[in-house]
1. Test ASP98 against the criterion of being within 26 Å of HIS298 (Cβ to Cβ), among the acidic types (Asp, Glu) and in contact with a strand residue (DSSP E or B) (Cβ under 7 Å, 6 or more places away or on another chain), and give yes or no.
2. Which of the following residues is surrounded by fewer than 22 Cβ atoms within 10 Å (Cβ to Cβ), under 26 Å from ALA300 (Cα atoms) and modelled with pLDDT of 95 or more: ASP122, ASP93?
3. Has the stretch 189-208 got at least one residue that is open to solvent by 20 Å² or more (accessible area, probe 1.4 Å) and in contact with a Phe, Trp or Tyr (Cβ under 6 Å, 6 or more places away or on another chain)?
4. Which of the residues spanning the stretch 293-308 are at pLDDT 95 or above and either surrounded by fewer than 14 Cβ atoms within 10 Å (Cβ to Cβ) or farther than 21 Å from ARG246 by Cβ (or both)?
5. For the stretch 61-79, does any single residue satisfy the condition of being part of a loop (DSSP other than H, G, I, E, B), without any contact (Cβ under 8 Å) to a residue 40 or more places away in the chain and under 20 Å from the mean Cα position of the chain (by Cα)?
6. Any idea how many residues of the stretch 129-157 are assigned to a helix (DSSP H, G or I), surrounded by 14 or more Cβ atoms within 10 Å (Cβ to Cβ) and small (Gly, Ala, Ser)?
7. With GLU45, GLU12 as the choices, which residue is at pLDDT 95 or above, open to solvent by 10 Å² or more (accessible area, probe 1.4 Å) and either β-branched (Val, Ile, Thr) or over 16 Å from the mean Cα position of the chain (by Cα) (or both)?
8. Tell me, which residue of the stretch 96-108 that is open to solvent by less than 30 Å² (accessible area, probe 1.4 Å) and out of contact with any Phe, Trp or Tyr (no Cβ under 7 Å at 6 or more places or on another chain) is farthest from ASN18 (Cα to Cα)?
Amino acid sequence: MSFEHYSVMLKECIDGLNIQPSGLYVDCTAGGGGHSYAIAERLTEGGKLIAIDRDPAAIRAATERLAPFSDRVEIVRSNFSALKTVLDGRRADGVLIDLGISSHQIDTAERGFSYTKDAPLDMRMNPDDPLSAADVVNTYSEEALADLIFRYGEEKFSRRIASEIVRARSVAPIRTTLELADLITAAIPPKFREKGGSPAKRTFQAIRIEVNGELDIIPPVVRDIADVLAPQGRMAIITFHSLEDRLVKQTVSELTRGCTCPPSFPVCVCGKKPILAAVTRKPILPSPEELAENKRSHSAKLRIAEKL
């Protein structure tokens, strides 16, 4: 299937990056190339865009979509955690990162992300990574499963779900997405199954986060972005759930605050100075028009900060 991905808050991202035609920009999550295309078409001969993604399907899609701008675009298959390596000492005038899973990954059943389509348990954004959802479900201890489902899925029935998974896998390994979704549903009391969408949603989110290391990477990546930005360069970061947004907010706040001395200290002794200034004090949310076009945008938040 073709790589379909709605470019969330496209106008807001482009406006927030304050693109300079001759600048250097990085799209850390190129996906289908929508945000990248909008950046590239605003660049002149002296400008450059580096589009990064770890998913080979995204790389193929972005390469095709960005072909008209081959003179100003560099496409790199990599994890955005390697941003500094990719830039190799260059300073960026803007960096965009969309932390959400792409519609293509959800809708391609064989990728194993969806709890509504039967497929082998996988959930790897990079198919070459060693850890899959099947490994997590079938090898993690009951305690480890319960902890990650609670921590990453904010699922209050995490222990019941983990117990049901361990019971089922003692008979035979759990191999498919619908098999797992049915086990999760069975573990949740009936009166709670109809609230907040599919009963499997939060557990699938938790397992996906574990497989792809999605949360641990956020604070160091935000700091790396701040390091590589040129003065007055901007970062634009899109999140899709509270766990991501909390980490982005906390890290950006730390970098805008500078001094970490206790309030009781009469003068600063740590010597830390602010690195960023928040462009948006509160996150930007999708417009009503966008929400009408794309229901998957409903939980998105965009935060923008500028390098001092």
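1. Details: within 26 Å of HIS298 (Cβ to Cβ): yes; among the acidic types (Asp, Glu): yes; in contact with a strand residue (DSSP E or B) (Cβ under 7 Å, 6 or more places away or on another chain): yes.
Yes: the conditions hold for ASP98.
2. On the way: ASP93 fails: surrounded by fewer than 22 Cβ atoms within 10 Å (Cβ to Cβ).
Answer to the selection: ASP122.
3. yes
4. Once the filter is applied, which keeps residues that are at pLDDT 95 or above and either surrounded by fewer than 14 Cβ atoms within 10 Å (Cβ to Cβ) or farther than 21 Å from ARG246 by Cβ (or both), the stretch 293-308 yields GLU306, LYS307, LEU308.
5. Residues of the stretch 61-79 part of a loop (DSSP other than H, G, I, E, B): 66, 70-72, 78-79.
If we keep only those that are without any contact (Cβ under 8 Å) to a residue 40 or more places away in the chain too, we end up with 66, 70-72, 78.
Narrowing the set further to residues that are under 20 Å from the mean Cα position of the chain (by Cα) leaves 78.
Scanning the stretch 61-79, I find at least one residue that is part of a loop (DSSP other than H, G, I, E, B), without any contact (Cβ under 8 Å) to a residue 40 or more places away in the chain and under 20 Å from the mean Cα position of the chain (by Cα), so the answer is yes.
6. Of the residues in that region, 4 qualify.
7. Values: GLU45 fails: at pLDDT 95 or above.
Unique residue meeting the criteria: GLU12.
8. Here is the first cut: in the stretch 96-108, the residues open to solvent by less than 30 Å² (accessible area, probe 1.4 Å) are 96-100, 102-105, 108.
Now narrow it down to the ones that are out of contact with any Phe, Trp or Tyr (no Cβ under 7 Å at 6 or more places or on another chain): 96, 98, 102, 108.
Details: LEU96: 12, ASP98: 17, SER102: 25, THR108: 34 Å.
Restricting to residues being open to solvent by less than 30 Å² (accessible area, probe 1.4 Å) and out of contact with any Phe, Trp or Tyr (no Cβ under 7 Å at 6 or more places or on another chain), the top hit is THR108.
The values are calculated or read from the model by the stated rules, or taken from the named source; none is laboratory data. These figures come from a predicted structure and were not determined experimentally. Positions of Cβ are generated from backbone atoms using ideal geometry, with glycine treated the same way; all protein chains shown enter the neighbour counts. Note: accessible area is taken over every heavy atom of the protein model, side chains too, but ligands, DNA and RNA are not part of it. Shrake-Rupley method; radii C 1.70, N 1.55, O 1.52, S 1.80 Å.
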